[in-house]
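S.K.: Have a look at this one.
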Amino acid sequence: MQPTNNGTAGAIRISDGVILSVVKKILDEIDGVHSLAARPAAPIDRLLNPAAFRPVVVTLDGGAAVISISLNLCFGCRMKEVSALVQQRVKDAVQDMTGIAVSKVNVFIADVKTAARED
C-alpha cells in the first residue's frame, strides 16, 4: 500500500490484506449485509487480472485509496441506506485505523439472499 514517512524512524507500509480485514470486520457489524460476493468477470479477465475477481479491491488513485466492495445483501433491507452506511463506515474505519486517505468506497450489490447470515 502507500508508504508513509515516519520522520527518522523509516517508512510504514500497510498491506491490502490489512485493509481487507478492516473491511470484513466493519461489514460484520452492519445489519443488512449478508456476505461478501465474488465479482462476476469474464473467464479471460480472471486469467489476466485475478484481482478483478476478488470481493474487495483496493487501488491507489493520486495518493488516496479507492476501495471497491462486492456484496450480497439481505432480502428486505433498504439497499440504498445499507450501501451508504457501508461506504461511510468503511471509509471512516480505514482512515482512522491506517491513516490512509480514502477517496471513494464503491459498493456493488451482487445478489440478495433470503437465508440467514453466514458467520
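S.K.: How many residues does region 98-114 contain that are more than 19 Å from C77 (Cβ to Cβ) and surrounded by 13 or more Cβ atoms within 10 Å (Cβ to Cβ)?
M.R.: Adding up the residues that qualify gives 6.
S.K.: Here is a follow-up. Kindly provide the set of residues from region 97-117 that are part of a loop (DSSP other than H, G, I, E, B) and not charged (D, E, K, R), ordered by number. It would help to see each step written out before you state the result.
M.R.: Narrowing region 97-117 to residues part of a loop (DSSP other than H, G, I, E, B): 99-101, 114-117.
Once the filter is applied, which keeps residues that are part of a loop (DSSP other than H, G, I, E, B) and not charged (D, E, K, R), region 97-117 yields G99, I100, A101, T114, A115, A116.
Rule-based calculations on the coordinates, nothing more; no lab input. Worth saying up front: this structure is predicted, and the values here are computed from it rather than measured. Heads up, the Cβs are rebuilt from the backbone with ideal geometry, glycines too, and the neighbour counts pull from every protein chain shown.
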